[in-house]
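Structure first, commentary second.
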Amino acid sequence: MFNDIGPMELVTLVVLAVLIFGPDKLPKLIQDVSGFIRKIRSFSETAKADIRAELGPEFKDFEFEDLNPKTFVRKQLLDNDDLGLKEIRNSFDLRKDMEEVADAVHGRESASTAPTAAANGSAAGVPGTPDLLKKREKLDPGERPPFDADAT
């Protein structure tokens, strides 16, 4: 409830309470406020019990905290795996993808791309495929330099 109040703000509130209500009335005020909070909590618990009783036995595990949207989404989507979300989440293996990219940049064939590269005909040295690792020293006479659309 008071998560965003710092120690200096709390001291300021106590000093203001002592100045406004006085040291003789402050203990009685604190007692009254704490009794009021207890009554509200007991009223809330009674209301929750009445609602659960009226809903019937099929809602015996109903929790009012589930009405909070964050809790509802977490419980329905993240904890419940009827949709196969854990399998989908585990299928995104970024480390494996990064290793494949690093292998391609350094000119190594990774274990997962070696058979498919030979089958597709995109292995290094095959005509018509660009060689990304080795630059030619000189262009052939009459040949235009390569054009990179992303670089412009």
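Extending 7 Å from Cα along the Cβ direction at residue 77 and again at residue 109 yields two label points whose distance is 4.2 nm. Which ³J(HN,Hα) values in Hz, rounded to whole numbers, follow from the phi angles of region 29-43 under the Karplus curve 6.51 cos²θ - 1.76 cosθ + 1.60, where θ = phi - 60° and Gly and Pro get x? So the J values, rounded to whole Hz, are 5, 5, 5, 5, 5, 5, x, 5, 5, 4, 5, 5, 4, 5, 4. Write out the GluC sites (Glu not before Pro) in region 14-78 meeting two conditions: DSSP loop, and at most 14 other Cβ atoms within 10 Å of their Cβ. Taking region 14-78 and a limit of 14 other Cβ atoms within 10 Å, the loop GluC sites (Glu not before Pro) found are 63.
A short reminder: the numbers here are calculations on the coordinates, not readings from a lab. On a predicted model such as this, the values are computed, not experimentally measured, just so you know. All Cβ positions, even for glycine, are placed from backbone atoms using ideal geometry, and neighbour counts span all protein chains on display.
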